[in-house]
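Novice: Below is one structure. I have some questions about it.
The values are calculated or read from the model by the stated rules, or taken from the named source; none is laboratory data. Worth saying up front: this structure is predicted, and the values here are computed from it rather than measured. Note that we place each Cβ from the backbone using ideal geometry, even for glycine, and neighbour counts take in every protein chain shown. Surface areas here come from the heavy atoms of the whole protein model, side chains and all, with no ligands, DNA or RNA. Shrake-Rupley method; radii C 1.70, N 1.55, O 1.52, S 1.80 Å.
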Amino acid sequence: MTLAQFATRNVWRNKRRSILTILSLSFSFLLLTLMMTIWRTFYIDPWSTISAEHVVCRHRVSLAVPLPTYYRDKIRSIPGVQDVIPLNLFQAEYKGATPDNFAKIGTDPNEYLNAYPEYQIAPEQVKAWKKDPVGAIAGSELAQEHKWKLGQRLVIQGGALPVRLELNLRGVFKSPFPVRAIYFNWASVQTAVNYPNDQLYLIQADSPRSVSRISGAVDSMFHNSPEPTRTEAERAFDVDLISRFGNVKAFILSISLAVLFTSLLVSGNTMAMSIRERTREVAMMRSLGFAPRFLQILFIGETITLAAGGWLLGTTAAYGLVLALVHSREAGAFAVLLKIPVTTLAVSLPLAALVGGLSAAIPSYRASHINIVEGLRYVG
């Protein structure tokens, strides 16, 4: 029997305990992988291939306070600005046979798709959307879920702005992540209720280097206006939205530390019981000439094997959970952006090995340095 086979047999010496330990560790690594994925999605990974060129302009006081529509033409005069796209989350109810579980966003069909070249939509559909004053486009997943067809009429009833819109579905687009929204011509609402305002503007810069300069120029332009602005890079705007939920960074960090500490306790307790049961065997191996350092490495290898098994099961479950969440009908605006890259797995695997090594360090040291005579006399 080789030493590897010997170590493997010791891992499964008590199958029930080993399986329960792996399951406990897998749940810990499931949470840890999810926390790392959320952290990376919110604060590291870009959300769009062109988002570095996006600038968001809103009212300085609050998103709930609109900006005058004439600001759009003034912003367009700033050097480096390519498009100024109004984005308005329309509070309305969908009057259809299927559930109302999507956003209705008013924008400008002539410029909106310029900011998102990754959206795949047929040119004839784009042309039809631009020509139809009450035209609309929808994400492919949303259209498939509701079984919408091109040309179908979508009726939505406004809330705060009491206007009934009968929109014509002119296009369906595919995106790198599911988009649960329909986009329509905001001018139709403004004309119907005489509402010359916009919730915010998405500014398309000519290059990422122009973003900071454009942000400062816009805020300086309206500094003394009755409706001052707050303009920032799209990434900063998104992070600010996330911060409204609280200190997300501290929450993720505290959960991750708690998970690692729990993993240490679980694997440490398992290894302590396993080593204690083998005290006489350890003493026998010592009497046969096995060095304490070799025995210590053997025990640590067993614990790392258990931790690696828990890591494999936990990360696989996390991947499936993220995949299900992204494609869920109830996924939120940020949930659809979640993904588990290889780098996350590359970080969590060494952590699993570290948990295994640390949890077995003290029990294995004590067992491997026990007095041989006392070990042979041990009854447990």
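Novice: Within the range 188-213, count every residue that is more than 16 Å from Val84 (Cβ to Cβ), among the polar types (S, T, N, Q) and either without any contact (Cβ under 8 Å) to a residue 60 or more places away in the chain or assigned to a helix (DSSP H, G or I) (or both).
Specialist: We begin by selecting, within the range 188-213, every residue more than 16 Å from Val84 (Cβ to Cβ); these are 188-189, 191-195, 207-209, 212.
Filter once more, keeping what is among the polar types (S, T, N, Q): 188, 191, 194, 207, 212.
Of the ones still in play, those that are also either without any contact (Cβ under 8 Å) to a residue 60 or more places away in the chain or assigned to a helix (DSSP H, G or I) (or both) are 188, 191, 194, 212.
Adding up the residues that qualify gives 4.
Novice: Determine which member of the set Ala138, Ala143, Ala122, Ala52 is small (Gly, Ala, Ser) and within 25 Å of Pro162 (Cα to Cα).
Specialist: Just a single option satisfies the conditions, and that option is Ala138.
Novice: Taking the range 141-165, which residues are open to solvent by 90 Å² or more (accessible area, probe 1.4 Å) and either in a strand (DSSP E or B) or acidic (Asp, Glu) (or both)?
Specialist: Those that are open to solvent by 90 Å² or more (accessible area, probe 1.4 Å) and either in a strand (DSSP E or B) or acidic (Asp, Glu) (or both): Arg153, Arg164.
Novice: Among residues belonging to the range 277-291 that are free of Cβ contacts under 8 Å to residues at least 40 places away in the same chain and in a helix (DSSP H, G or I), point out the one that is most open to solvent (accessible area, probe 1.4 Å).
Specialist: Among residues in the range 277-291 that are free of Cβ contacts under 8 Å to residues at least 40 places away in the same chain and in a helix (DSSP H, G or I), the one most open to solvent (accessible area, probe 1.4 Å) is Glu281.
Novice: Assess whether Phe294 counts as being in a helix (DSSP H, G or I), out of contact with any helix residue (DSSP H, G or I) (no Cβ under 9 Å at 6 or more places or on another chain), open to solvent by 40 Å² or more (accessible area, probe 1.4 Å) and modelled with pLDDT of 80 or more.
Specialist: no
Novice: Going through the range 166-187 one residue at a time, which ones are part of a strand (DSSP E or B), surrounded by 15 or more Cβ atoms within 10 Å (Cβ to Cβ) and out of contact with any Phe, Trp or Tyr (no Cβ under 7 Å at 6 or more places or on another chain)?
Specialist: Hits for the range 166-187 are Asn168, Val172, Phe184, Asn185.
Novice: Only one residue in Thr303, Thr231 is assigned to a helix (DSSP H, G or I), in contact (Cβ under 8 Å) with a residue 12 or more places away in the chain and not hydrophobic (A, V, I, L, M, F, W, C), so which one is that?
Specialist: Thr303
Novice: Of all residues in the range 56-76, which are without any contact (Cβ under 8 Å) to a residue 40 or more places away in the chain and either closer than 16 Å to Ile203 by Cβ or crowded, with 19+ Cβ neighbours inside 10 Å (or both)?
Specialist: Answer for the range 56-76, where residues must be without any contact (Cβ under 8 Å) to a residue 40 or more places away in the chain and either closer than 16 Å to Ile203 by Cβ or crowded, with 19+ Cβ neighbours inside 10 Å (or both): Asp73, Arg76.
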